[in-house]
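Reviewing the structure listed below.
Just so you know, all these numbers are worked out from the coordinates, no wet-lab data involved. As the structure is a prediction and not an experimental result, all values here were calculated from the model. In this analysis, Cβ positions are derived from the backbone assuming ideal geometry, glycine residues included, and neighbour counts consider all displayed protein chains.
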Amino acid sequence: MSKQFSPSTIASGGTSTLTITIANTAPGAVNLTGIGLTDNLPSGVSIASPPNSSTTCGAGLVSTSIAAGITSVTLTGGSVSAGASCAISVNVTAP
């Protein structure tokens, strides 16, 4: 799993896109289902308005509580095929 911000630095009041990538590419990987995770944002970073959250992790849902000011991102019910990767994206901001 990896986490990346684009742009990598957020100016005060600015916005960045957080992308969390889940790779299922290890030798002997099998299809994964029911993936869940909660990622706490760095200190001083929170969900932007609008959050523009999305995922490519199958039928997974990015937390419906994603709203401006929240400081974590949650995925439930995700899936990723063997040999593949999926991602969660959400806009974040700094005060």
- Computed FRET efficiency, Cβ-Cβ of Thr33 and Ile70, R0 22 Å: what is it to the nearest 0.05? 0.25
- Query: Measuring from centroid to centroid over Cα atoms, what is the spacing of the stretch 7-29 and the stretch 36-88 in Å?
  - Reply: 10 Å
